[in-house]
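S.K.: Here it is: the structure, laid out below.
Nothing in this text is a laboratory measurement; each read-out follows from the coordinates by a stated rule. In this text, all values refer to a predicted model and were calculated from it rather than measured experimentally. Backbone-built Cβ (ideal geometry, glycine too); neighbour counts: all protein chains shown.
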Amino acid sequence: MKLLKTSIALFLLAAVWGCSSQSGSHSELNFAQDNGGITLPDGFKAVVVTDSVGPARHITADEDGDLYVSLSEPQNGHGIAALRDTNGDGKADVTKYFGKLTGTGIHLQNGYLYHSSDTSVVRYKMDQNKLVPTSEPETVVGGFPTQSQHAAKSFTFDKNGNIYVNIGGPANACQEEMRTPGSPGMKPCPLLEDHAGIWQFDANATGQSAQSDGQRYTTGIRNAVALDWNDNVDQLYLVQHGRDQLHSLWPDLYTQKQSVSQPAEEFFQVNEGDNFGWPYTYYNWKKDQKMLAPEYGGDGETPAEEGKYEDPIMAFPGHWAPNDLYFYNSSQFPKKYKKGAFIAFHGSWNRAPEPQKGYKVVFVPFDGEKPSGDYMEFADGFSGTDSLQSPGDAKYRPMGLATHNDGSLYISESVKGKIWRVVYTGK
């Protein structure tokens with residue numbers, strides 16, 4: 001009996017040693033010599049998980065390190081990719097495709113894989129130890145409006161069983177004649193009734209309708225592909241795509257140079273019932289001021305009505321296209337990254353004829369509910385050139401963020417679906 005107890009104790013101790021070694025050492029990882037074509041801060045290295053899984057949108061990882069990728073275009077007739085590393089080198093050696101719908105949002109929650117198309121959110125019951133679910137998907141929320149602009153239904157979860165879904169405004173500025181020079185804005189903007197905000201639904205219920213179930217949580221958001229629930233303060237945050245075409249639609253009010261970098265991409269802390277001002281306002285990041293939109297009588301100098309709309313907690317230069325937000329709560333990275341936010345900027349088209357910007361991942365340090373300092377560039381070099389004239393010429397476009405079970409950071413991109421795993425080695 002004593003021998004049996006000793007054997008069990010040694011087995012458990014060996015298991016603990018094994019787990020500790022796996023989480024504390026990355027000596028087996030196959031790091032890319034050039035970090036897979038991107039630049040990182042000193043002390044960080046990257047493994048290329050896969051070179052081309054298909055045009056990737058958001059990503060999520062389970063406790064075993066399996067990675068799930070939402071695709072914008074079907075691969076082998078499917079809209080989700082599942083990746084597994086079986087030998088611990090960081091590279092995916094098993095890739096399987098499943099699901100009939102393409103889309104953007106994807107997240108593992110309470111034993112289910114949630115996935116969104118442009119018009120629905122569905123979920124798959126995950127089977128233990130199986131990479132791909134064997135059951136058919138259940139519709140969580142269906143019937144989202146079909147729209148030709150800003151259709152991605154990105155989403156996040158709180159701690160209380162709610163799912164928050166972005167419904168973008170299907171327009172640039174709610175003009176009477178869409179994207180037409182000099183056309184005034186509709187007032188009130190009818191698109192605000194069913195679009196341009198975040199809607200809250202029951203994450204555990206199925207068969208919900210976008211029209212009759214749930215409630216509007218916040219309004220005045222042009223499009224928030226990047227959103228995340230910050231568990232550290234139990235609150236929603238998002239980064240909005242700012243409007244386009246200040247100069248081409250209102251050439252008498254804005255120079256081409258002004259239009260290249262304005263308006264801001266706004267980082268918002270969100271409370272229920274907040275109104276962030278779209279389409280009536282935009283944010284001038286150089287003046288740190290909310291401005292009245294030209295479609296509603298603005299002239300580039302007139303501020304929005306004070307106190308009516310919420311200001312951002314941080315503003316970024318225009319047309320960087322924020323496409324994912326991720327609060328980092330792991331400890332693999334140095335302490336300064338703990339509880340801060342990573343933002344993936346996809347890059348846009350509206351800086352033409354000037355070179356395009358964005359195409360990077362930045363980090364924002366946090367202290368409680370607010371940023372504690374300015375943002376820093378974390379991962380760059382995705383575009384493959386120092387002067388990019390068109391988004392179509394970008395080698396990679398950062399898109400999705402997630403963490404491995406050891407706290408290293410996954411980054412996906414949308415051109416071919418290359419995925420990096422960024423690890424802090426201190427070297």
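S.K.: For region 29-105, build the convex hull from the C-alpha positions and give me its volume per residue in Å³.
M.R.: Dividing the Cα hull volume of region 29-105 by its residues yields 107 Å³.
S.K.: Please name whichever of PRO263, GLY384, LEU325 sits farthest to the positive end of the charge dipole of the chain, dipole taken about the Cα centre and charges placed at Cβ: Lys and Arg +1, Asp and Glu -1.
M.R.: About the Cα centre, the residue reaching furthest to the positive side is GLY384.
S.K.: Using Stokes-Einstein with the Kirkwood hydrodynamic radius over Cα pairs, what translational diffusion coefficient do you get for region 226-383 at 10 °C and a viscosity of 1.306 mPa s, in µm²/s rounded to a whole number?
M.R.: Details: Rh = 16.3 Å.
Diffusion coefficient, whole number: 97 µm²/s.
S.K.: Measuring from label point to label point, each 7 Å out along Cα→Cβ, what is the GLU73 to LYS287 span in nm?
M.R.: Simple spin-label model gives 4.2 nm for this pair.
S.K.: Where does the longest stretch of the chain lie that holds no GluC sites (Glu not before Pro) found in a DSSP loop with 13 or fewer other Cβ atoms within 10 Å?
M.R.: Working: sites that count: GLU28, GLU63, GLU176, GLU177, GLU272, GLU301, GLU305, GLU306, GLU369.
With a cap of 13 other Cβ atoms within 10 Å, the longest stretch comes to 64-175.
S.K.: When the Karplus curve 6.51 cos²θ - 1.76 cosθ + 1.60 is applied with θ = phi - 60°, which whole-Hz ³J(HN,Hα) does each residue of region 283-296 get, with x for Gly and Pro?
M.R.: 3J(HN,Hα) across region 283-296, in whole Hz: 10, 8, 6, 7, 8, 6, 8, 7, 10, 6, 5, x, 5, 10.
S.K.: Projected onto the charge dipole of region 32-424 (+1 at Lys/Arg Cβ, -1 at Asp/Glu Cβ, origin at the Cα centre), which of VAL362, VAL140, PRO279 gives the Cα projection farthest towards the positive end?
M.R.: It is VAL362.
S.K.: Continuing with this model, one more query. Just order 32-39, 397-404, 418-425, 232-239 by mean Cβ neighbour count inside 10 Å, highest at the front, would you?
M.R.: On the way: 32-39: 16.1, 397-404: 25.0, 418-425: 23.0, 232-239: 19.5.
Averaged packing, sorted descending, gives the order 397-404, 418-425, 232-239, 32-39.
S.K.: Separation of region 222-265 and region 37-86 by C-alpha centroid, Å?
M.R.: First find each Cα centre; the distance between them is then 27 Å.
S.K.: A further question follows. On a C-alpha basis, how far is the centre of region 284-301 from the centre of region 146-216 in Å? Whole number, if you could?
M.R.: 23 Å
S.K.: Starting from the amide H of TRP285, placed 1.01 Å from N in the peptide plane, find each other amide H under 5 Å away whose residue is 5 or more places distant or on another chain.
M.R.: Correct list: ALA264.
S.K.: Taking amide hydrogens as modeled 1.01 Å from N in the peptide plane, which residues meet the under 5 Å criterion relative to GLY54, leaving out close sequence neighbours?
M.R.: Distant-sequence amide H within range of GLY54: GLY417.
S.K.: Follow-up. Between beta-carbons, use under 13 Å as the cut-off and find the net charge around VAL233, counting Lys and Arg +1, Asp and Glu -1.
M.R.: -3
S.K.: As a test of the definition: which semi-axes, in Å, follow for region 32-424 when you take the square root of five times each eigenvalue of its alpha carbon gyration tensor? Largest first, please.
M.R.: Details: eigenvalues 211, 119, 76 Å².
Each semi-axis is the square root of five times an eigenvalue, giving 32, 24, 19 Å.
S.K.: Additional query: So what is the orientation-averaged projected area of region 97-222, using the convex hull of its C-alpha atoms, in nm²?
M.R.: On the way: hull surface 34.2 nm².
In nm², the orientation-averaged hull projection of region 97-222 is 8.5.
S.K.: While we're here: Can you sort ASP324, ASP231, ASP252 from fewest to most other Cβ atoms within 10 Å of each residue's own Cβ? Mind dumping the intermediate values first?
M.R.: On the way: ASP324 27, ASP231 13, ASP252 10.
Listing ASP324, ASP231, ASP252 from fewest to most nearby Cβ atoms yields ASP252, ASP231, ASP324.
S.K.: Something else: Mind sorting SER259, SER148, SER348 by how few other Cβ atoms lie within 10 Å of their own Cβ, fewest first? Walk me through the numbers before you get to the answer.
M.R.: On the way: SER259 24, SER148 8, SER348 21.
Neighbour counts put them in this order, fewest first: SER148, SER348, SER259.
S.K.: Placing unit charges on C-beta atoms (Lys and Arg positive, Asp and Glu negative, everything else neutral), compute the dipole magnitude of region 32-424 about its Cα centre in debye, rounded to 20. Don't skip to the answer; put the middle values down first.
M.R.: Details: 34 positive and 50 negative charges, 130 e Å.
The dipole magnitude comes to about 620 debye.
S.K.: Moving on. Provide the per-residue ³J(HN,Hα) series for region 70-78, in order, calculated from phi with Karplus coefficients 6.51, -1.76, 1.60 and θ = phi - 60°, each as a whole number of Hz, with x at glycine and proline positions.
M.R.: 7, 10, 8, 9, x, 10, 6, x, 10
S.K.: What does the charge count near GLN175 come to, summing +1 for each Lys or Arg and -1 for each Asp or Glu among other residues with Cβ under 14 Å from its Cβ?
M.R.: Numbers: positive: ARG179, LYS187, ARG222, ARG243; negative: GLU176, GLU177, ASP244, GLU295.
So the surrounding residues net to 0.
S.K.: What is the order of TRP278, TRP199, fewest Cβ neighbours within 10 Å to most? Present the calculation step by step, with values, prior to reporting the outcome.
M.R.: Numbers: TRP278 31, TRP199 23.
Exposure proxy ranking, most exposed first: TRP199, TRP278.
S.K.: Can you check what the Kirkwood hydrodynamic radius comes to for region 176-262, Cα pairs only, in Å to one decimal?
M.R.: On the way: mean 1/r = 0.0629 Å⁻¹.
Result for region 176-262 stands at 15.9 Å.
S.K.: Averaging sequence separations of C-alpha pairs under 8 Å and six or more residues apart, then dividing by the length of the chain, give the relative contact order as a whole percent. Please list the in-between numbers first.
M.R.: Details: 1109 pairs, mean separation 65.3, N = 427.
Value for the chain: 15 percent.
S.K.: Counting Lys +1, Arg +1, Asp -1, Glu -1, what net charge surrounds ASP51 among other residues with beta carbon under 14 Å of its beta carbon? List each step's numbers first, then the result.
M.R.: Values: positive: LYS91, LYS395, LYS416, LYS418, ARG421; negative: ASP34, ASP93, GLU413.
Charge balance near ASP51 sits at +2.
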